[in-house]
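Beneath this line is the structure, given in C-alpha cells, with notes to follow.
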Amino acid sequence: MATVDECTASALWRSVSLTHVEYPTGDFTGQLLAYSSLLPVFILVGFVTLIVFKRELHTISFFGGLVLNEGVNWLLKNIFREPRPCRGAHATLTTEYGMPSSHSQFIWFFFMYSFLFLYFRMHQTNNARCLELLWRHILSTCLLSVSAFVSYSRVYLLYHSWSQVINGGVAGSIMAVAWFIFTQELLTPLFPKIAAWPISEFFLIRDTSLIPNILWFEYTVTRAEARNRQRKLGTKLQ
C-alpha cells in the first residue's frame, strides 16, 4: 500500500501513448473513427495469438512482413521529416512526423497482402467453386472498406493530411506486393525444410502451404478423430 509521502509526492505523470487517440468531445463520428484507428493494434494482437496457437510458417511470414513494413515507415518518416498538418491539435503524439501515415501504410499492407493471398495463394477446389469465389469477393470488399475507413479516420481526426495518407497507402501496397512475391518465390519453397528443423519440431512449427483449404482440412481431421475416439470409448464401456 502506498504511503502518505508517496501519494503527496509531486511527480510528473505521463500516459502510455501507444493507443492514445483523441477525438472532438461530443463528436460521435470522431469517436467511431478513433476506435477504428486502433484496428492495427488489434490486428497485431490477432497475429500474435495465431502464431502462438497455430504456429504456421506462412502466418509467421505475414507477421514478419507487417513488422518490416513498420520499420520502412519509420525510415521514410525520418527521411521526409514532413510535419503533421495540425501539430497543436493533439496533446500526445508518438512521432513528430506524418509522412507517410503509419496507420495507412499498415492497413493497406494488410489489405493488399490479404487480397493477394485470397486470390493467388489459396488453392481452388473443384467443388463449390462459385461459393468460394463469392466469400472471397465479400471478404475482399470488407477489407477494402475497413482500409478506407481507417485511412479516412487519420484525416478526419487531424493526425495526417490527405497526401500523407495516400502516400502511406501506396507505400504499404508496394511493400505488400514485394513481400508477397518474396514469400511465394523464395520462402515458400524453403518452408518444408524449415518445418523439419529440430527447433521447429520442438516448438511444433508447421507448414500447411500444400493443403488447399486448411479450415476444411482441420475440421474434417478433428471430426474424424473425435468420432474415432468416441467409438473406442464406447467399446471400452461395453
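General remarks:
- Distance between the 7 Å Cα→Cβ label points at PHE117 and ILE211: 1.5 nm.
- Measuring between their Cα centroids, region 21-68 and region 164-187 lie 17 Å from each other.
- Residues of region 97-114 with amide N under 14 Å of a point placed 7 Å along Cα→Cβ from ARG81: 97-99
- Per-residue 3J(HN,Hα) values for region 138-143, derived from phi via the Karplus relation 6.51 cos²θ - 1.76 cosθ + 1.60 with θ = phi - 60°, read 5, 5, 5, 5, 5, 5 Hz in sequence order (x marks Gly and Pro).
- Gained length - PHE202 relative to TYR152, 0.36 nm times residue gap less alpha-carbon distance: 13.6 nm
- Our coupling estimate for region 151-157, obtained by passing each phi through the Karplus curve with A = 6.51, B = -1.76, C = 1.60 and θ = phi - 60°, is 4, 5, 4, 5, 7, 4, 8 Hz, Gly and Pro reported as x.
- The alpha carbon gyration tensor of region 130-198 gives principal lengths a ≥ b ≥ c with a/c of 1.5 or higher and a/b no greater than b/c, which makes the shape oblate.
- Scalar couplings 3J(HN,Hα) for region 79-84, obtained by applying the Karplus form with A = 6.51, B = -1.76, C = 1.60 to θ = phi - 60°, are 7, 6, 6, 8, x, 6 Hz; x denotes Gly and Pro.
- Cα-projected label distance for VAL221 with ARG129, points at 7 Å along beta-carbon direction, nm: 2.7
- By average C-beta atoms within 10 angstrom, highest first, the peptides 32-43, 189-200: 32-43, 189-200
Each reported figure results from applying straightforward, stated rules to the coordinates on display, with no laboratory input. Predicted, not measured: the structure shown is a model, and the values here were computed from it. Note that each Cβ is placed from the backbone with ideal geometry, even for glycine, and that neighbours are counted across all protein chains shown.
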